[in-house]
1. So what are the ³J(HN,Hα) numbers for segment 327-343, from phi and the Karplus equation (6.51, -1.76, 1.60; θ = phi - 60°), rounded to whole Hz, Gly and Pro as x?
2. Which ³J(HN,Hα) values, rounded to whole Hz and listed in residue order, are derived for segment 283-293 from phi using the Karplus coefficients 6.51, -1.76 and 1.60 in 6.51 cos²θ - 1.76 cosθ + 1.60 with θ = phi - 60°, glycine and proline given as x?
3. What's the Kirkwood radius of segment 122-237 in Å, using all Cα pairs?
4. So how do 341-352, 70-81 stack up, highest first, on mean other-Cβ count within 10 Å?
5. If you roll a 1.4 angstrom probe over the protein chains with everything in place, what fraction of the accessible area of segment 202-344 belongs to carbon and sulfur, to the nearest %?
6. Nearest 20 debye, what's the magnitude of the dipole of segment 270-394 about its Cα centre given +1 on Lys and Arg Cβ and -1 on Asp and Glu Cβ?
7. Roughly how many percent of the accessible protein surface of segment 93-167 is carbon and sulfur, given a 1.4 Å probe and a whole-percent answer?
8. Kindly report the accessible area of segment 238-291 per residue (heavy atoms of protein chains, probe 1.4 Å, no ligands, DNA or RNA), in Å².
Amino acid sequence: MAALQVKTPAKVAPRPNCPFPQNVRALVISVWGANNFAGFSPVTHPMMTVKTTEFLNSKTSVMKPSQLSVYLQFAISNKFPVMIVGRPGIGKTDIVKDAANKAQADLIISHPVVSDPTDYKGLPFASGDGTADFLTFGELKRLVTAKKKTVFFLDDLGQASPLVQAACMQLLLAREINGQKISDHVTFIAATNRRQDRAAVTGILEPVKSRFTSIVGLDVDIDDWASWAASNSMPNELIAFMRFRPNFLSDFSPVADIENIPSPRTIAAVGKQQLAGIPQGLEIEAIKGAAGLTFAIEYTSFLMFCRDLPSLNDILEDPLKALVPQEVASAYAICGVIASIINKSNISTVLKYLDRLPIENSVCCLKDACLRNPAIASNREFIEWASKHASSLL
C-alpha cells in the first residue's frame with residue numbers, strides 16, 4: 001500500500017498593517033508562525049513547542065494583565081464585546097478600568113448578580129392612550145444616550161441568575177432595550193469567575209457566551225504584578241518577597257472556611273497595611289487576616305531577613321567589600337531594597353555590587369529599578385551591563 005501523502009498547505013503571506021496591537025500579534029505569531037496565520041497543521045509546525053501546545057489545548061485563550069489591557073483597548077476601539085474569565089482577586093475589574101481610561105472611554109459598571117431581569121428592560125409605565133411601555137433610566141438611559149466612546153462592564157456575570165443572563169442577551173446581540181437602540185458608541189465587556197472558584201458561579205448560558213466576540217482567560221504574571229506594585233508605591237520588601245515567592249500569586253486553593261488566601265488583591269491589602277504602619281506586635285496577625293497564615297509566616301520571616309541586611313551606606317561606600325547575603329531569601333531582600341535607590345549617579349557603584357550576586361537576583365533588581373525610574377535604562381553603564389548579560393535578560 002502506498003504511503004499516505006499529506007499535502008503541505010500553501011503559506012499565507014502576513015497581512016500588512018495588521019489591526020491587532022503589537023503584543024497580541026506577537027502572541028499569535030508565537031503560536032502560528034509569522035507566515036502561517038492560516039492553513040497549517042500545528043502538530044507538525046516547526047515552531048511548535050510544549051508551551052504553545054498547552055496554549056492550543058486550553059479551553060480558553062489566556063493572557064497576562066498587560067496583554068489583556070492592550071487587547072481590551074483594541075476591542076473597545078472596534079466595539080467588540082469581550083468576556084474575561086479568571087479566579088477572584090486577580091485584577092479583572094482594575095484592568096477593565098485601565099483599558100477604558102487608556103481608550104479614552106467612559107466606564108459604566110453594572111452588577112448583574114444583584115439585578116432583576118426587568119433591570120435590563122427599563123421601568124414599565126402606562127402611556128396616555130391606554131398602552132404600556134418601558135422607560136429607560138439610570139445605566140440603561142446612559143446606554144441609549146451615550147455621545148462618546150463608552151464601556152458597559154457587566155461584572156461577575158457568571159454569578160447572575162439564568163433569567164438575568166437571558167435579559168442581557170438583547171443588549172449584547174440586538175443592541176436594543178425594548179425597541180430603543182443602544183448608542184453606537186457603546187462596547188460591552190463582561191467578567192466572571194470560574195466554576196471551580198467557590199464564587200457561586202453556576203455557568204454562563206450558551207446563547208450568552210456566543211454573543212461575545214472573544215472569551216479570554218486572565219492569569220497572573222510576576223513582572224506585571226511588580227510593575228503595578230511599583231507604580232502604586234507598594235513596600236519594597238513586599239515586591240522583593242513576591243519576586244522570591246511568586247507562587248503566592250498563582251497558587252489558588254479556595255477554602256470553605258472564612259479566611260483569606262493569597263491573591264493579587266489580598267497581597268495588595270498586606271502592602272496597604274504596611275504603608276499605613278501596622279501597630280507593633282500585631283504584624284503577623286494583621287498579615288494573616290489579609291492573606292492567610294502560610295503567607296504571614298513566610299513574609300514575616302522574610303521581613304526579619306530584611307532587617308539584618310547590609311546597610312545601603314556600606315554597599316555604596318565599598319561595593320566590592322560590602323557583605324553579600326548567602327541566604328536566597330536575603331539576596332532577594334537586598335535586591336528589593338537596592339532597586340528603590342538606584343539612580344544615574346550611583347548605578348555604576350551598584351552594578352559592581354550586583355555583579356557579586358547570582359545573576360537572577362541582579363536581573364530582578366534592575367527590572368524593578370527600571371519600573372521605578374525608566375531613565376536608568378538609557379544610562380551608559382546600564383547599557384553595557386545589559387549587553388554583557390543579554391542572555392539572562394531574555
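1. Per residue, the Karplus-derived 3J(HN,Hα) values read 6, 4, 4, 5, 5, 5, 5, 5, 5, x, 6, 4, 4, 7, 10, 5, 8 Hz.
2. 4, 5, 5, 5, 5, 4, x, 7, 9, x, 5
3. Working: mean 1/r = 0.0586 Å⁻¹.
After inverting the mean inverse Cα-Cα distance, the result is 17.1 Å.
4. Going by the mean number of other Cβ atoms within 10 Å, highest first, we get 70-81, 341-352.
5. Working: 3740 of 7220 Å².
About 52 percent, which is the carbon plus sulfur part of the accessible surface.
6. Numbers: 11 positive and 13 negative charges, 72 e Å.
Its charge dipole is roughly 340 debye.
7. Working: 2120 of 3930 Å².
The C+S portion of the solvent-accessible surface of segment 93-167 is 54 percent.
8. Working: 2820 Å² over 54 residues.
Per residue, segment 238-291 has an accessible area of 52 Å².
The values are calculated or read from the model by the stated rules, or taken from the named source; none is laboratory data. This structure is a prediction, so every number in the text was calculated from the model and none was measured. Note that we place each Cβ from the backbone using ideal geometry, even for glycine, and neighbour counts take in every protein chain shown. Side chains are part of the model used for accessible areas, which takes the heavy atoms of the whole protein and leaves out ligands, DNA and RNA. Shrake-Rupley method; radii C 1.70, N 1.55, O 1.52, S 1.80 Å.
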